[in-house]
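Computed from the coordinates by the stated procedures, all read-outs in this text should not be read as laboratory data. Since the structure is predicted, the reported quantities are computational estimates derived from the model, not experimental observations. Note that we place each Cβ from the backbone using ideal geometry, even for glycine, and neighbour counts take in every protein chain shown.
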Amino acid sequence: MKSKEISRQRFIGTVAAATTGMVAGSGMTSIFAQSRDTSGSLALLGGTPVRGKDKRWQPWPQWDSENFDPKMNEVMANRVWSRSRKVAEFEQKWAEMNGSKHCLSTVNGTNALSASWMQSDIGPGDEVICSPYTFSASIFGVLYKGAMPVWADIDPETFQVDTKKIREKITPRTKGILPVHICGYPSDMPEIMRIAKEHNLFVVEDACQAHLAKIDGKRVGTFGNAGCFSFQASKNLPIGEGGGILTDNTEYYDRLYSYHNFGYASGSVSGQISSITALILANKIRMSEYQAVIGLCQMEKLEEQHKIRNENGAYLNEKLSAYPGITPVKLHKGATEASYYIYAMVYNQDKMKGVSRERFMEALKAEGIPIGSGYPNDPLYGQPMINEVFKSDIYRKFYSAEELDFEAYKERNHCPELIKTFDSALWIWHGGLMLGTRSDMDDIVNAVDKIHNNIAKLK
């Protein structure tokens, strides 16, 4: 959808929302979205859903054929499809948009994360403190380097790694920190960087879900030694596949560039030796020209989309915070903008007349609202992948049998707040949902209000 069309829908939705008022709920005063009767029968129990099948969320990913097809046709007709000028342009613009000195593009976010650790000084025998509320790909690079992941519990109100827990986990062997801006909400990077400076730690930000999120006027992904992004099709900057690394360290960037391009010379060394001489053990994880073109096109509307996501996020935070059984995930002090890749909440069964989270989600889905529980109760520190890594020669060489005892490892790294979050998290996500109109957001609020008014019927 064109940006002007989005803006027009937002205006219409805003006008429609002018009827906002206060409505009495059972045991509470709800901030109602619109003048709509939500006392009727739940859709799950045979009633009419708040949002019928005739209504659609914003499509995702979006593609403006009129504006974007000529640019894609141009690069395809040039027949220079491997890394060239368009990739360089994409890197320059992504670095500028985020306020970073350098950007290196990669084939995907997983490789961006792995490359960042591969070109660090961290290796076997070292420890990296990681956030446990994330996808397994976050830690691949740590394991590739033979380092030991150490897990710090999360703050259940923000879903981000708890900085107090980071401090508790530091040992003489600690060499790095891996914060994850999960769901697009920023981690407390100012405090994390204070810790890193005190202990001389290497920091890689996993910002794969957090495009343009901001803390005190500074974009996430620009605090650490490296900031990694994913441009996979579901992400806020969708390319299909793609990734990027931001850094202000030129020497580190040069090594990253060599690593992603067969180990060939780059930077100050470029041109001094054969163009096909490999300087370092490397990989080939280059972005293609047509990936870059898609990224450049998507970047044209990213800032406007980011603004809409934050407006909608603030609106939902205000409205949904009125319901005692549902608590929107909070931004930590200093965080001013989230990416709202996912709109996240915490469910409290005790404050919802004992109705289970699963039953609540079932009811909300029936009203036409896409809802899930996020990551399953399967903490990374207990997944078989790590046990398999522990059996490798490199880990058996550098770590004691006690350190590699998998059951003991899981017990040492147990994160109780993480487990609680697995059992209480709510994720609203459906591609372009957070780009919807005010009316779309009101449908979410009205569905929650309807379920709240009828909560006893779900038992």
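General observations
- Space enclosed by the convex hull of the alpha-carbon atoms of the range 226-340, per residue, Å³: 148 Å³
- Across every pair of non-identical alpha carbons in the range 334-382, the mean reciprocal distance, once inverted, gives a Kirkwood radius of 13.2 Å.
- Cα coordinate range in the range 366-443, projected on the principal axes (Å, largest first): 60, 23, 18
- Each pair of Cα atoms in the range 71-299 enters the Kirkwood radius, and Stokes-Einstein at 25 °C and 0.890 mPa s then converts it into a translational diffusion coefficient of 138 µm²/s.
- The spread of Cα positions in the range 310-369, taken along each principal axis and listed from longest to shortest, comes to 35, 24, 16 Å.
- Over all other residues within a Cβ to Cβ distance under 12 Å of Gln92, the charged ones net out to +1, with Lys and Arg as +1 and Asp and Glu as -1.
- Computed over the chain, the ratio Rg/Rh where both radii use C-alpha atoms and Rh is Kirkwood: 1.00
- Percent of beta bridges antiparallel (DSSP, the chain, rounded to nearest 5): 65 percent
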